[in-house]
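We did not get these values from a lab; they are worked out from the coordinates using the rules stated. Owing to the predicted nature of the structure, the values given are computational and were not obtained by experimental measurement. Because the Cβ atoms are built from the backbone with ideal geometry, glycine has one as well, and the counts that use them run over all protein chains shown.
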Amino acid sequence: MDNLKGPAAIYKHEHAAVRNVNEEFKKKGTRGQRVADKVAQVVGSWPFIIFQSVIILVWMGANVYLVYMAGSDSDFFVSWDPYPFILLNLALSFQAAYTGPVVMMSQNRQTEKDRLMAEQDYEVNKKAEVEIKIIMDHLVYQDAKIKALLDEIKALKTVNDKN
């Protein structure tokens, strides 16, 4: 009866279940890494760019207006950052100095995650290749068994036709 078992019946599916790299990566990350990811997500978004552009335009507009008004009325409020906007330049330089390395940390983390996902894809592909080979071998086995059965039926039919 053992000869009735094909390759698929003999195959043992004994490997670890496919893991979710995203979930594992989330659990493994430190607080600093999660903050870096969030900062990179915010800084790299259109709402942030639009908001920052609006702030810069308001800053520059207010300071130009205050310089103009102070020129016509000496008692008028003095601009806190007249053209060439040195304070604004300093603030943007600080922002770039801090967000640049944080975004790079997040990119490094994303690269590590991509490497883990590629590694997992490779492992899954190797397992799939083995399982597909087993299925193909089993199909060949079934074809042989079906051919043998058809030959037996043909032989029985021939014997019946002679009788």
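Give the separation of the Cα centroids, region 1-62 to region 136-152, in Å.
Centre-to-centre distance over Cα atoms comes out at 47 Å.
Quick one: angle between helix 46-72 and the longest Cα principal axis of the chain, in degrees between 0 and 90, rounded to 10, please.
For 46-72 against the chain, the angle is about 10 degrees.
How tilted is helix 31-43 with respect to the longest principal axis of the chain? Cα atoms for both, answer in degrees (0 to 90, nearest 10).
With both axes taken from Cα atoms, the answer is about 70 degrees.
As a test of the formula, what do you get for the chain when each DSSP H run with n ≥ 4 contributes -39,500 (n - 2.57) and the sum is divided by the residue count, at 222 nm and rounded to the nearest 500 deg cm²/dmol?
Rounded to the nearest 500, the figure is -28000 deg cm²/dmol.
Extension gain Glu14-Ser93, at 0.36 nm per residue separation less the Cα-Cα distance, in nm?
22.8 nm
Calculate I(q)/I(0) for region 124-163 by the Debye formula, one identical point scatterer on each C-alpha and no solvent, and give its log10 at q = 0.22, 0.26, 0.28 Å⁻¹ to two decimals.
For the requested q values the scattering log ratios are -0.69, -0.79, -0.83.
Could you tell me the ratio Rg/Rh of the chain? Both radii from Cα atoms, Rh via Kirkwood.
Value, to two decimals: 1.52.
Can you compute 3J(HN,Hα) from phi for each residue in region 141-155, using the Karplus curve 6.51 cos²θ - 1.76 cosθ + 1.60 with θ = phi - 60°, rounded to whole Hz and x for Gly and Pro?
Coupling constants for region 141-155: 4, 5, 4, 5, 5, 5, 4, 4, 5, 5, 5, 5, 5, 4, 5 Hz.
Taking the chain as a Gaussian network, Cα atoms linked when under 10 Å apart, which of Asp81, Asp151, Asp37 shows the biggest mean-square fluctuation?
Asp151
Would you be so kind as to identify which of Trp59, Met104, Trp46 lies farthest towards the positive end of the dipole of region 19-120, taking Lys and Arg as +1 and Asp and Glu as -1 on Cβ and the Cα centre as origin?
It is Met104.
If exposed means no more than 15 neighbouring beta carbons inside 10 Å and the site is in a DSSP loop, what's the longest run of the chain without any exposed chymotrypsin sites (Phe, Trp or Tyr not before Pro)?
It works out to 81-163.
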